[in-house]
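In what follows, a single structure is set out as C-alpha cells and then discussed.
The values are calculated or read from the model by the stated rules, or taken from the named source; none is laboratory data. Every value quoted in this text rests on a predicted model; they were computed, and no experiment measured them. Cβ placement follows ideal geometry from the backbone for every residue including glycine, while neighbour counts extend to all protein chains displayed.
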Amino acid sequence: MRVNLYLFPAITLVSFIQVVTVAVSMLALSSLSNSSRYVGMLYAGLIFFSQALFSVLRFATGGSVVAWVSFEANLEQLGNAIFRLPLPYETPWPVSLLLVVGLVAAGGLVLERHVRGVEVVR
C-alpha cells in the first residue's frame, strides 16, 4: 500500500488536468458561436488537426520532439510524467505543461471577453 500511495493524488491530478483543459477549451469555443454543431466541429478540428499536424511533423523530422503540437500528446505526456511512467515522446514534460497552461489561459481570456455578466433584478 505504501509503495503505491502516490497513485491516489496522481489519479486526481491527471483527471483534474484533463477535465479543466477540455472544459475550458470547449467553453471558449462555445462562447465564439451560437451554433452547437459548429462548436462541435471546431473542437473536433482542434483535436484531429493537431494530431494530424503532429503525425506529419513526426514523419518529416523522424522524431517525436514536435509532440507539443498535439493536444492529446501533451495530455498523454503529462499523465505519464505524473504517474512516473516512461515518457512516450521526446518533448520534455514541462513544455507540455506550459502548453496546457497556455491553452487554459487562452480559453480563460476568450471567456472573459465574450461572456458578459448578467445582472439579476428582483
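In this structure, is LEU32 closer than 25 Å to VAL110 by Cβ and out of contact with any Cys (no Cβ under 8 Å at 6 or more places or on another chain)?
Working: closer than 25 Å to VAL110 by Cβ: yes; out of contact with any Cys (no Cβ under 8 Å at 6 or more places or on another chain): yes.
The answer is yes for LEU32.
For region 8-26, give me each residue that is farther than 22 Å from VAL115 by Cβ and in contact (Cβ under 8 Å) with a residue 12 or more places away in the chain.
ALA10, LEU13, VAL14, ILE17, GLN18
Has region 28-50 got at least one residue that is within 16 Å of VAL101 (Cα to Cα) and either surrounded by 12 or more Cβ atoms within 10 Å (Cβ to Cβ) or among the aromatic types (Phe, Trp, Tyr) (or both)?
There is at least one residue in region 28-50 that is within 16 Å of VAL101 (Cα to Cα) and either surrounded by 12 or more Cβ atoms within 10 Å (Cβ to Cβ) or among the aromatic types (Phe, Trp, Tyr) (or both).
Specify which of the listed residues (ALA105, ALA67, ALA81, ALA73) is free of Cβ contacts under 8 Å to residues at least 40 places away in the same chain, surrounded by fewer than 13 Cβ atoms within 10 Å (Cβ to Cβ) and of a type in the set (A, V, I, L, M, F, W, C).
Values: ALA67 fails: surrounded by fewer than 13 Cβ atoms within 10 Å (Cβ to Cβ); ALA81 fails: surrounded by fewer than 13 Cβ atoms within 10 Å (Cβ to Cβ); ALA73 fails: surrounded by fewer than 13 Cβ atoms within 10 Å (Cβ to Cβ).
One residue alone meets the criteria, ALA105.
Restricting the first residue to region 39-62 and requiring it to be at pLDDT below 95, which pairs with a second residue that is assigned to a helix (DSSP H, G or I) and among the hydroxyl-bearing types (Ser, Thr, Tyr) meet a Cβ separation below 8 Å and a spacing of at least six or different chains?
What qualifies is VAL39/SER30; TYR43/SER25; LEU46/SER25.
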